[in-house]
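The values are calculated or read from the model by the stated rules, or taken from the named source; none is laboratory data. Fair warning: this is a prediction, and the values are worked out from it, not measured in the lab. In this analysis, Cβ positions are derived from the backbone assuming ideal geometry, glycine residues included, and neighbour counts consider all displayed protein chains.
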Amino acid sequence: MTTNAPTIATNKLGLTKQDYVGAKSTLCPGCGHDAITAQIIQAAFEMNLEAHMVAKLSGIGCSSKTPTYFLNQAWGFNSVHGRAAAVTTGAALANRKLLNLVVSGDGDSMSIGMGQFVHMIRRNVPAIYIIEDNGVYGLTKGQFSATADLGSTLKHGDVNELPPLDPCTLAMELGCGFVARAFSGNPKQLAVILKAAMAFEGTALIDVISPCVTFNNHDSSTRSYKNAKDRETPLQELGFVPYYDLEEVEIPDGETREVTLPDGSHLKLKAIHTDFDPTDRYKSMQAIHESQDRGEFLTGILHIKTGRPTLHDFTHTVDETLATLPQAAVKPGPEVLAACMQELM
Ligand SMILES: Cc1ncc(C[n+]2csc(CCOP(=O)(O)OP(=O)(O)O)c2C)c(N)n1
Ligand code: SF4
Ligand SMILES: [Mg+2]
């Protein structure tokens, strides 16, 4: 007997997309952050992530609440405001086998958390660091954040007179090897960027413009959904071929630039602005500044450079997870301690 029941798609682990969801979102209906959560679930499903090998890390904010809404079988640490980067650095040191997935906000990362953020990038801590960037402190009712554009206004008329900080050019300045900007209203592009970030080693920064529909969605806000949609300027058509599909997928030559990612996957970048080279960070920074002067925001892979040493190279961490090391290997022993004490006398 045949049945017409629809088959549910499964990935290489035999899991369905439903296996990658979390609790029901409590954010405002239409919040850009929920659209990002949906693409994290999609990318994790397509990349066959094992949830128990993922650590979700965040600070405080509407954005920082979102790890609850995906991968409910992963590890999670919802820290305090601005401390996601520091907690991620600790998590990476303790266990280098987990994939660290950080979700932070523009307030969380670019104000109170700035000191931690810059050092995490400087140390090239292996982590995907997503900033859900709405230009305001959503959770505390919509004050301007440090990424708010000059001249943007709040609902009741206040004008932002301070120049914005740009997480992407800042990250490039600090040597970050994977810098991308996306828009929550462009899910297809975001999913590819997330998959490429999952195949990367080191810090992968993704700044996602994510409109706050409750406090920052009026016409005179540069971060409203409509204004963001009008200003978005995609740099590339992106394609991602995971390493296990390489033999089956034909990669055309020509205009398409290809980057081999550390796990062997391929990222294909077909430039829309033909003179844009994401491997040259100085030119990328110039292109971003010029686009900002024109009132546009560029999306896509803004900069990529593989092979930089990571935190593990700088600190010579062992492969083994610290929690599973035998006591004899982690303790220096009484003689070493006594010698140290002697030095300090
Ligand atoms: C130490 C500390 N200072 C201030 C706050 C108040 N506070 C909570 S969330 C937040 C800003 C959140 O903005 P953002 O990171 O952009 O997240 P969003 O809500 O916009 O997603 C602030 C200032 C806090 N919780 N802890
Ligand atoms: S206040 Fe803004 S950022 Fe927070 S959930 Fe609502 S729409 Fe999203
Ligand atoms: Mg915010």
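Quick notes
- Among residues of region 295-345, those that are exposed (fewer than 14 other Cβ atoms within 10 Å of the Cβ), touching a helix residue (DSSP H, G or I) at 6+ places or on another chain (Cβ under 9 Å) and within 30 Å of GLN236 (Cβ to Cβ), counted: 1
- Listed conditions (1) under 15 Å from the mean Cα position of the chain (by Cα); (2) more than 16 Å from ligand 2 (Cβ to nearest atom); (3) among the hydrophobic types (A, V, I, L, M, F, W, C); (4) farther than 20 Å from LEU49 by Cβ are all met by ALA86, apart from (1).
- Unique residue being more than 8 Å from ligand 1 (Cβ to nearest atom) and either in contact with a Cys (Cβ under 8 Å, 6 or more places away or on another chain) or on the phi > 0 side of the Ramachandran plot (or both) when the list is GLY151, GLY61: GLY151
- Failed condition for LYS155, given (1) of a type in the set (D, E, K, R); (2) out of contact with any Ser or Thr (no Cβ under 9 Å at 6 or more places or on another chain); (3) within 16 Å of ligand 3 (Cβ to nearest atom): (2)
- Taking region 253-345 as the region of interest, the helices (runs of 4 or more DSSP H) fully inside it that hold 2 or more residues being at pLDDT 90 or above, closer than 24 Å to GLU201 by Cβ and in contact with a Lys or Arg (Cβ under 8 Å, 6 or more places away or on another chain) are 311-315.
- You will find that of LEU174, LEU150, LEU101, the residue that is out of contact with any Gly (no Cβ under 6 Å at 6 or more places or on another chain), of a type outside the set (Val, Ile, Thr) and without any contact (Cβ under 8 Å) to a residue 40 or more places away in the chain is LEU150 and no other.
- Candidate set: region 116-152, residues that are more than 16 Å from ligand 3 (Cβ to nearest atom), in a helix (DSSP H, G or I) and in contact with a Ser or Thr (Cβ under 7 Å, 6 or more places away or on another chain); chosen: the one nearest to ARG231 (Cα to Cα): ILE121
- Consider region 33-44 and keep the residues that are out of contact with any strand residue (DSSP E or B) (no Cβ under 7 Å at 6 or more places or on another chain) and closer than 18 Å to GLY135 by Cα. The one that is nearest to ligand 2 (Cβ to nearest atom) is ASP34.
- Close Cβ contacts (under 8 Å, 6 or more residues apart or on different chains) running from residues in region 297-320 that are more than 18 Å from ALA180 (Cβ to Cβ) to residues that are outside any loop (DSSP other than H, G, I, E, B) and among the hydroxyl-bearing types (Ser, Thr, Tyr) comprise LEU311/THR89.
- Selection status of ASP158, of a type outside the set (Ser, Thr, Tyr) and within 16 Å of ligand 1 (Cβ to nearest atom): no
Here's the yes/no breakdown for (1) modelled with pLDDT of 95 or more; (2) hydrophobic (A, V, I, L, M, F, W, C):
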{"site": "GLY185", "(1), (2)": "yes, no"}
{"site": "ALA191", "(1), (2)": "yes, yes"}
{"site": "MET198", "(1), (2)": "yes, yes"}
{"site": "GLU201", "(1), (2)": "yes, no"}
{"site": "VAL208", "(1), (2)": "yes, yes"}
{"site": "CYS212", "(1), (2)": "yes, yes"}
{"site": "PHE215", "(1), (2)": "yes, yes"}
{"site": "ASP219", "(1), (2)": "no, no"}
{"site": "LEU235", "(1), (2)": "no, yes"}
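- The number of residues in region 68-88 being of a type outside the set (Gly, Ala, Ser), touching a helix residue (DSSP H, G or I) at 6+ places or on another chain (Cβ under 7 Å) and assigned to a loop (DSSP other than H, G, I, E, B) comes to 4.
- Of everything in region 99-115 that is touching a Phe, Trp or Tyr at 6+ places or on another chain (Cβ under 7 Å) and of a type outside the set (S, T, N, Q), the residue that is farthest from ligand 3 (Cβ to nearest atom) is VAL102.
- The one condition in (1) buried (at least 21 other Cβ atoms within 10 Å of the Cβ); (2) under 19 Å from GLY202 (Cα atoms); (3) within 15 Å of ligand 1 (Cβ to nearest atom) that ALA86 fails to fulfil: (1)
- Screening SER111 on (1) outside any loop (DSSP other than H, G, I, E, B); (2) out of contact with any helix residue (DSSP H, G or I) (no Cβ under 9 Å at 6 or more places or on another chain); (3) more than 16 Å from ligand 2 (Cβ to nearest atom); (4) not charged (D, E, K, R) shows it passes everything except condition (3).
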